[in-house]
1. Considering the options Leu46, Gly8, Asn80, tell which one lies farthest towards the positive end of the dipole of the chain, charges being +1 on Lys and Arg and -1 on Asp and Glu at the Cβ, about the Cα centre.
2. Please calculate how many Å² of accessible area the chain carries per residue, with a 1.4 Å probe and no DNA, RNA or ligand atoms counted.
3. With axes computed from alpha carbons, what is the tilt in degrees of helix 32-43 against the longest principal axis of the chain, rounded to the nearest 10 within 0 to 90?
4. Computed over the Cα atoms of the chain, what is the convex hull's projected area averaged over all directions, in nm²?
5. Taking only DSSP H segments of four or more residues, each worth -39500 (n - 2.57), what value at 222 nm results for the chain once the sum is divided by all its residues, to the nearest 500 deg cm²/dmol?
6. For the chain, which whole percent of the accessible surface, found with a 1.4 angstrom probe, sits on carbon and sulfur atoms?
7. Evaluate the charge dipole of the chain about its Cα centre and quote only its size in Debye, nearest 20, assuming +1 on the Cβ of each Lys and Arg and -1 on the Cβ of each Asp and Glu.
8. If we count trypsin sites (Lys or Arg not before Pro) as exposed when they sit in a DSSP loop and have at most 14 other beta carbons within 10 Å, what is the longest stretch of the chain that avoids them all?
Amino acid sequence: MAIEEAKGEIILLGDFNAHYLMWGGKHVASEEQAKHLLAETDARGLVLATLKGEPIWKRGQQESVIDLTFISPDLYRKVNFYGIVEE
C-alpha cells in the first residue's frame, strides 16, 4: 500500500465507495471494506475530516458519503473549513 511508504504529514482522500456509520450517519449499514479502511487509517493515527452524514455524492433522490478525507492530527488542527461549497 502506498500509505505505508508515506512520511511526515498525510492527506488521504478519495472516492473509497465504502459505507460506514462513522461517516455516513445513522441510516448507513457498515461494509467490510469500510472497516478495513478505518483500521488502516486508525493504525496511522489519521483523523477523519469528512463531516458525518454530509452527502458528498447526489443524484436525484439518492445521496451518499463515499468521498472521504483522512488527515494527520497536526494538519487537522489547522483546517479552517472542510465541507461542500455549493455553487
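1. So the residue furthest toward the plus end is Asn80.
2. Using a 1.4 Å probe on heavy atoms only, each residue of the chain averages 71 Å².
3. The angle comes out near 30 degrees.
4. Details: hull surface 26.1 nm².
Mean orientational projected area (the chain, Cα hull): 6.5 nm².
5. Details: 3 runs with 22 residues, N = 87.
Roughly -6500 deg cm²/dmol at 222 nm, from the helical runs in the chain.
6. Accessible surface attributable to carbon and sulfur in the chain totals 52 percent.
7. Details: 9 positive and 14 negative charges, 52 e Å.
Taking the Cα centre of the chain as origin, the dipole is about 240 debye.
8. Working: sites that count: Lys7, Lys26, Arg44, Lys52.
Of all site-free stretches, the longest is 53-87.
The values are calculated or read from the model by the stated rules, or taken from the named source; none is laboratory data. Being a predicted model, the structure only gives us computed values, none of them experimental. Note that we place each Cβ from the backbone using ideal geometry, even for glycine, and neighbour counts take in every protein chain shown. The area values use the complete protein model at the heavy-atom level, side chains included, leaving out ligands, DNA and RNA. Shrake-Rupley method; radii C 1.70, N 1.55, O 1.52, S 1.80 Å.
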